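The values are calculated or read from the model by the stated rules, or taken from the named source; none is laboratory data. No experiment lies behind these values; they were computed from the predicted model shown. Counting neighbours? That spans all protein chains shown, and the Cβs are built from the backbone with ideal geometry, glycine included.
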Amino acid sequence: MTLEQERDFITVEDEYGKERTFSVEALLAVEAETYALLTSKDNDDDSIIMQVLDEEDGQYLVGVSDPIKKNIVLDAYEIAVDANPAD
């Protein structure tokens, strides 16, 4: 099984209606909130962080624009990777 087959993929629509496909690299709980680290299916260098919101009718992803919050999430991801390196 290849790494790509193991990934979950989601489609995100931006504010202009353009759809892009991302793989879910990680889900992280940070400061009582859940965040998703997503990497573009077409460009591994294109990653985004989105907050996962739980609502009665499902889960939603919301963009994170606060650079401090982004850095906190990225730091948490780095700590998690360092603690559990891939084989």
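The table that follows gives values for the structure above.
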{"item": "Region 41-61: number of residues that are loosely packed, with under 11 Cβ neighbours inside 10 Å and within 21 Å of residue 8 (Cβ to Cβ)", "result": "9"}
{"item": "Selection count, region 62-77, where residues are surrounded by 10 or more Cβ atoms within 10 Å (Cβ to Cβ) and in a helix (DSSP H, G or I)", "result": "9"}
{"item": "Residue match in region 6-17 (condition: without any contact (Cβ under 8 Å) to a residue 24 or more places away in the chain, assigned to a helix (DSSP H, G or I), of a type in the set (D, E, K, R) and loosely packed, with under 14 Cβ neighbours inside 10 Å)", "result": "yes"}
{"item": "Verdict on residue 65 being at pLDDT 90 or above and either among the polar types (S, T, N, Q) or within 15 Å of residue 7 (Cβ to Cβ) (or both)", "result": "yes"}
{"item": "Among (1) surrounded by 10 or more Cβ atoms within 10 Å (Cβ to Cβ); (2) assigned to a loop (DSSP other than H, G, I, E, B) - the single one residue 25 does not satisfy", "result": "(2)"}
{"item": "Candidate set: region 41-52, residues that are touching an Asp or Glu at 6+ places or on another chain (Cβ under 9 Å) and modelled with pLDDT of 90 or more; chosen: the one nearest to residue 74 (Cα to Cα)", "result": "51"}
{"item": "Residue tally, condition touching an Asp or Glu at 6+ places or on another chain (Cβ under 9 Å) and over 28 Å from residue 85 (Cα atoms), over region 13-35", "result": "3"}
{"item": "Residue match in region 36-43 (condition: assigned to a loop (DSSP other than H, G, I, E, B), in contact with a strand residue (DSSP E or B) (Cβ under 8 Å, 6 or more places away or on another chain), over 24 Å from residue 83 (Cα atoms) and free of Cβ contacts under 8 Å to residues at least 12 places away in the same chain)", "result": "no"}
